[in-house]
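The values are calculated or read from the model by the stated rules, or taken from the named source; none is laboratory data. All figures in this text were calculated on a predicted structure; none of them were measured in a lab. Cβ: placed from backbone, ideal geometry, glycine included. Neighbour counts: every protein chain shown. Protein only, heavy atoms only, side chains kept; ligands, DNA and RNA dropped before computing areas. Shrake-Rupley method; radii C 1.70, N 1.55, O 1.52, S 1.80 Å.
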Amino acid sequence: PMFTWTGFYAGVNAGGLWNRSQVDDLGSNGILTGNTNLLNGSGFTGGVQAGYNWQIASLVLGVEADANLSSARASFIDTPPPFGPTTHSSRLSAFGTLRARIGWAFDRFLPYVTGGVAFASLDNSINAPARPVSANRGSSATGWVVGGGLEYAFTDFWIGRAEYLFIQFPDVMAPGKNGVANQIRFKDSARVARLGLSFKCPSSEHLAQLAA
């Protein structure tokens with residue numbers, strides 16, 4: 001019988017993550033003062049995913065959730081006169097997504113697009129003791145995610161994939177601490193490229209076919 005994508009699945013994934021963290025100093029009146037710090041971090045990511053697919057003719061609809069750890073981090077120390085050292089640090093240590101998927105099956109090949117909501121343990125901070133300015137966007141972030149990929153069913157139960165995701169987090173405004181009136185704007189995003197392997201749970205119909 002022709003392969004069907006309908007059913008539950010769960011598996012593991014691993015790949016690379018590239019995050020972009022920007023800090024803008026908007027001054028006391030909300031206008032950019034010209035002080036902008038940009039960091040591009042990268043690292044390894046790995047995690048687990050689980051979901052369910054419904055196949056209607058060649059159309060495949062699905063939902064998926066994943067949870068991942070990441071080693072992506074970056075740090076930069078600038079010394080702009082006359083303020084002295086300014087340290088900008090970013091770290092994305094973990095993230096997860098909850099996404100809808102839609103694809104078109106070519107028997108055991110399944111190209112798809114996906115999108116939904118993303119959650120992350122994300123740090124983006126600026127510290128300039130001589131000014132003095134110190135601010136952080138917070139330890140967590142919620143944003144949106146879009147992407148796409150290609151899956152191939154090697155057997156009736158084992159499915160491999162290659163996937164790309166883009167994650168965008170909303171801008172966050174934070175006041176500069178230590179008595180400074182400056183408003184600090186944090187802008188963060190991430191890109192993920194990874195491979196995965198999933199086990200597809202056999203359906204009752206498939207078990208009946210195997211028994212026959």
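Separation between the Val146 and Arg191 pseudo-spin-labels, each 7 Å from Cα along Cα→Cβ, expressed in nm?
1.5 nm
Would you tell me the accessible area of Met2, worked out with a 1.4 angstrom probe on the heavy atoms of the protein chains, in Å² to the nearest 10?
Rounded to the nearest 10, that gives 150 Å².
Any idea what Rg and Dmax come out to for the range 103-170 if you just take the C-alpha atoms, in Å?
Considering the range 103-170 through its Cα atoms, Rg and Dmax are 19.5, 63 Å.
If you wrap a convex hull around the alpha carbons of the range 36-119, what volume per residue comes out, as a whole number of Å³?
115 Å³
Take the Cβ-Cβ distance between Asp78 and Leu26 as r, set R0 to 25 Å, and report the resulting FRET efficiency rounded to the nearest 0.05.
In this case the efficiency is close to 0.90.
So how far apart, in nm, are the two label points at Leu59 and Leu98 if each is 7 Å from Cα heading toward Cβ?
2.4 nm
Write down the Kirkwood hydrodynamic radius of the range 5-74, to one decimal in angstroms, obtained as one divided by the mean of 1/r over all alpha carbon pairs.
Across the range 5-74, the inverse of the average 1/r is 15.6 Å.
Charges only on Cβ, +1 for Lys and Arg, -1 for Asp and Glu: so what's the dipole of the range 53-171 about the Cα centre, in debye to the nearest 20?
Once rounded to the nearest 20, the dipole reads 300 debye.
In nm, to one decimal, how far is the modelled label at Leu69 from the one at Val117, with both set 7 Å along Cα→Cβ?
Roughly 2.6 nm, to one decimal.
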